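S.K.: My questions all concern the structure below.
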Amino acid sequence: MNYILEAKELRKEYPNKLALQGLNLQIEPGEVFCLLGQNGAGKSTTINLFLGFIAPTSGAAFVNGMEVAANPLKIKEHLAYIPENVMLYPHLTGLENLALFSSLAGFKYKEAELLDYLHHAGLPAEAVRRRVGTYSKGMRQKVGIAIAVAKHAKVLLLDEPTSGLDPKASNEFSQLLTQLSTEGTAVLMATHDIFRAKEVGTRVGIMREGELVDVRPTAALNAQELEQLYLTYMHN
Amino acid sequence: MHSIAQKEFVSTLRDKRFLVLSVLVLALLLAATLVGRASYQTLQQERQLAQQTVNDQFRHQPARHPHRVAHYGSFAFRPRSGLSLLDSGVDSFTGTSVFLEAHQQNSVNFSQAQQSGSLIRFGEMTVAFVLQMLVPLLIIFLCFGAFTQERETGTLKLLLSQGVSLRQVAWGKILGYSRAVALVVAPALALAAALLFGTEEFTSGTDLVGRLGLFVLSYAVYFFLFIVGAVVVSAVQASSRAALVTLLGLWILGCIILPKATANLGATLYPAVTKAQMDADVHEEAQHGINGHDPQDQRSAALKAGLLKKYGVDSEEKLPVSVGGIVMSESEAYSAKVYQQHFADLNATYERQNRLSDWVGLLNPYQAIRPLSMGLAGSDFAHYVHFQQAAETYRYALVQRLNALQTSMGYGDKERKLDAHTWQQLPLFAYQAPPLGWALPRLLLPVAALLLWAVGLSWLGLRLISNSRLA
């Protein structure tokens, strides 16, 4: 099986903390894998290891079959990333930010195409030519989504992507993820939102103290069962 | 890389803090250019007028004995170089004119510093001062957050997730900041170029074009160093505050402390004799030669005896030449030789002091751009010495020509005078400043220092950036 994302005994230690212990994970194209867990459980560490932003203490992360540590730039061609709090360049407009990040990824879009991406991400038309310094967190998040979508990556790495979005925008984002996954895009999403995970995820993984303690297909659980399972692990 | 450069450039232009600072620096640059031009005009006109006046006075002397004319003397006024409007170098502290007379090698006197208040010793507001001291400060305030702010706000991760390397980001930033700095500096340099080449008061030519071109290029490298340095410091420091404090500390060390310390060290290691001491030494040593004004001088008597023998006559009256003229000529040759030796020793001491500072340029780019800037502007110590030597060469030739006239007058010359028309045949002092080709070999060390800094900092700095942390 060709996994688009794979972690083999992935471990990350800091001088005074074990952030991730021996993670084994495989994600296929078109799959939406949601990582649930409390703050400090290792969700963001996992995403940062796949992005190559931090080096593993041991084990290896693979993107499209390439080891991340050996191909730190090449693997990013296949990845798009949305952090919990999308920070953009405040002196540039939303449109200029999208043009900049797209050009860095190798895409030179025409203005109409850029506007289209921003529109589909839910950014109001009146905001696209305003400087990002005047944006709310939710508006920045939408530009971040547009940046990720415009990259046409095989994998989306999302770290609390709906943080700061209003319910309508969150719902639209869920629909977007579903659409992208049906087109073959794999998604690894760290989230606290159990119901969103159930809604868009194909599998959920529960992390606790740097360890992936359980993995379930979302189809096998309803939202209440998932919540109960999550709370059980957290209380233990 | 170009996208990042464009982003930095646009962001910088839209940043009000940068706008305020850059408008201030640009205003200072433009003001310094205009003030430099006004100062150049005033001093140049004054010196031209003074030179013309003393030349007229010299040529319109009445019928006189040539040795009286030699003592009447003349003045040589140092013309300013065109580029001194950008960098006045040591011009304000060195003299502007020298009195040329027989038997005496006078100092170049009447510097601006002598005639101004003590405030001039704190430095003048020249274009070079703004370029060397204030533009680096602007660069520091522009670049200190290059990486730290990206890390603090979290944009760096998003940027790198697009598939660019830290090295590409760094080069993009360096390019973007370079454009912003060029935008601030270029108008002032364009104004200077327009003044230099668009008005008649400056002697433009390929030499001036070459000097201005290298002047601009040197400062471009200097600013590049500060931009790269600031970006590197920003990449390796943990916070914007730490980066700013580090950069300001380096600026104080490089632009204020090290130059002063080097100057003091140079003066301690290579102490120069005072003017009074040198004059006394020259006077004392000149006593060993012929004294043209002392008829009892034994060496004069020996010379006279030699002349009688040479011409096969038994008395001075029968000589076809004036013994007094030949004695004066010999005396002048000896005292000039003594003076040149002492002058060369003193200059060698100053050269050693300056050389020490030039070598420190390998550690401190500010001490590399300073001599380079002054040298290209024609306002450094070497150009000053060139004038001093030209004035002494002219003085010596003039006095010896007058001695030759006296010699040709034969016996009893002291009772006679030469026609007023004679003085109009004598050449006037016309100073030709040395060309760029003369100046460049003297500037190789500062040029090498700047280039080594540029290559070394780019290589080492970018390696540091590549290995710097992301979060």
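S.K.: Would you please list the contacts, defined by Cβ atoms under 6 Å and residues six or more apart or on different chains, that run from a residue in segment A:34-48 that is farther than 16 Å from A:THR162 by Cα to a residue that is β-branched (Val, Ile, Thr)?
M.R.: So the pair list comes out as A:ASN48/A:ILE54.
S.K.: If B:VAL245 passes every condition in (1) under 30 Å from B:TRP459 (Cβ atoms); (2) in contact (Cβ under 8 Å) with a residue 24 or more places away in the chain; (3) part of a helix (DSSP H, G or I) but one, which one does it miss?
M.R.: So B:VAL245 meets the others, but not (2).
S.K.: Condition check: free of Cβ contacts under 8 Å to residues at least 60 places away in the same chain, under 30 Å from A:GLN141 (Cα atoms) and hydroxyl-bearing (Ser, Thr, Tyr). Does B:SER165 satisfy that? Reasoning before the result, please.
M.R.: On the way: free of Cβ contacts under 8 Å to residues at least 60 places away in the same chain: no; under 30 Å from A:GLN141 (Cα atoms): yes; hydroxyl-bearing (Ser, Thr, Tyr): yes.
No.
S.K.: Sort out which residues of segment B:133-146 are of a type outside the set (Val, Ile, Thr), crowded, with 22+ Cβ neighbours inside 10 Å and either under 21 Å from A:SER102 (Cβ atoms) or away from chain A (no Cβ under 14 Å) (or both), and write them in order of number. Full working, then the answer.
M.R.: Residues of segment B:133-146 that are of a type outside the set (Val, Ile, Thr), as a first pass: B:133-134, B:136-138, B:141-146.
Add one more test, that the residue is crowded, with 22+ Cβ neighbours inside 10 Å, and what stays is B:136, B:138, B:142-144, B:146.
Selection gives B:PRO136, B:LEU138, B:CYS143, B:PHE144.
S.K.: What number of residues within segment A:135-187 are touching a Gly at 6+ places or on another chain (Cβ under 7 Å), basic (Lys, Arg) and within 13 Å of chain B (Cβ to nearest Cβ)?
M.R.: Residues flagged as touching a Gly at 6+ places or on another chain (Cβ under 7 Å), basic (Lys, Arg) and within 13 Å of chain B (Cβ to nearest Cβ) within segment A:135-187 amount to 1.
S.K.: In segment B:112-127, which residues are modelled with pLDDT of 60 or more and out of contact with any Leu (no Cβ under 6 Å at 6 or more places or on another chain)?
M.R.: As a first pass, look at segment B:112-127 and keep what is modelled with pLDDT of 60 or more: B:124-127.
Answer for segment B:112-127, where residues must be modelled with pLDDT of 60 or more and out of contact with any Leu (no Cβ under 6 Å at 6 or more places or on another chain): B:GLU124, B:MET125, B:THR126.
S.K.: Is it the case that some residue within segment A:122-134 is part of a helix (DSSP H, G or I), over 17 Å from the mean Cα position of the chain (by Cα), surrounded by fewer than 20 Cβ atoms within 10 Å (Cβ to Cβ) and within 12 Å of chain B (Cβ to nearest Cβ)?
M.R.: Step one: filter segment A:122-134 for residues part of a helix (DSSP H, G or I), giving A:125-127, A:132-134.
Pick out the ones that are also over 17 Å from the mean Cα position of the chain (by Cα) and you get A:125-127, A:132-134.
Right, trim to surrounded by fewer than 20 Cβ atoms within 10 Å (Cβ to Cβ) and you get A:125-127, A:133-134.
After this cut, where a residue has to be within 12 Å of chain B (Cβ to nearest Cβ) as well, the list is A:133.
Checked against the condition, which is being part of a helix (DSSP H, G or I), over 17 Å from the mean Cα position of the chain (by Cα), surrounded by fewer than 20 Cβ atoms within 10 Å (Cβ to Cβ) and within 12 Å of chain B (Cβ to nearest Cβ), segment A:122-134 yields at least one hit.
S.K.: Something else about it: Is one or more of the residues making up segment B:47-57 in contact (Cβ under 8 Å) with a residue 60 or more places away in the chain, under 29 Å from B:SER84 (Cα atoms) and away from chain A (no Cβ under 14 Å)?
M.R.: We begin by selecting, within segment B:47-57, every residue in contact (Cβ under 8 Å) with a residue 60 or more places away in the chain; these are B:51, B:55.
Within this subset, residues satisfying the condition of being under 29 Å from B:SER84 (Cα atoms) are B:51, B:55.
After this cut, where a residue has to be away from chain A (no Cβ under 14 Å) as well, the list is B:51, B:55.
Yes - at least one qualifying residue is present in segment B:47-57.
S.K.: Give the residue that is nearest to the other protein chains (Cβ to nearest Cβ), with candidates limited to residues of segment A:41-73 that are in a helix (DSSP H, G or I) and closer than 14 Å to A:GLY210 by Cα. Walk me through it before giving the result.
M.R.: Pass one, segment A:41-73, residues in a helix (DSSP H, G or I): A:43-51.
After this cut, where a residue has to be closer than 14 Å to A:GLY210 by Cα as well, the list is A:43-49.
Working: A:LYS43: 15, A:SER44: 10, A:THR45: 11, A:THR46: 15, A:ILE47: 10, A:ASN48: 8, A:LEU49: 12 Å.
Per the stated criteria, the residue is A:ASN48.
S.K.: Quick one: A:LYS76 ticks every box in (1) surrounded by fewer than 21 Cβ atoms within 10 Å (Cβ to Cβ); (2) of a type in the set (D, E, K, R); (3) within 7 Å of another protein chain (Cβ to nearest Cβ) bar one, so which box is it?
M.R.: Result: A:LYS76 fails condition (1) only.
S.K.: Here is a further query. Answer yes or no: is there a residue in segment B:157-169 that is within 14 Å of chain A (Cβ to nearest Cβ) and of a type in the set (Ser, Thr, Tyr). Break it down into steps so the answer makes sense when it comes.
M.R.: Here is the first cut: in segment B:157-169, the residues within 14 Å of chain A (Cβ to nearest Cβ) are B:157-169.
When the remaining residues are screened for being of a type in the set (Ser, Thr, Tyr), the result is B:161, B:165.
The answer is yes; a qualifying residue exists.
S.K.: Can you name every residue in segment B:1-46 that is surrounded by 17 or more Cβ atoms within 10 Å (Cβ to Cβ), more than 18 Å from B:ILE139 (Cα to Cα) and within 14 Å of chain A (Cβ to nearest Cβ)? Break it down into steps so the answer makes sense when it comes.
M.R.: Step one: filter segment B:1-46 for residues surrounded by 17 or more Cβ atoms within 10 Å (Cβ to Cβ), giving B:1, B:3-12, B:18, B:21-22, B:25-26, B:28-29, B:32-33, B:36-37, B:39-40, B:43-44.
Still in the list and also more than 18 Å from B:ILE139 (Cα to Cα): B:1, B:3, B:32-33, B:36-37, B:39-40, B:43-44.
Selection gives B:MET1, B:SER3.
The values are calculated or read from the model by the stated rules, or taken from the named source; none is laboratory data. All values derive from a computational prediction rather than experimental measurement. Positions of Cβ are backbone-derived with ideal geometry, glycine not excepted, and every protein chain shown enters the neighbour counts.
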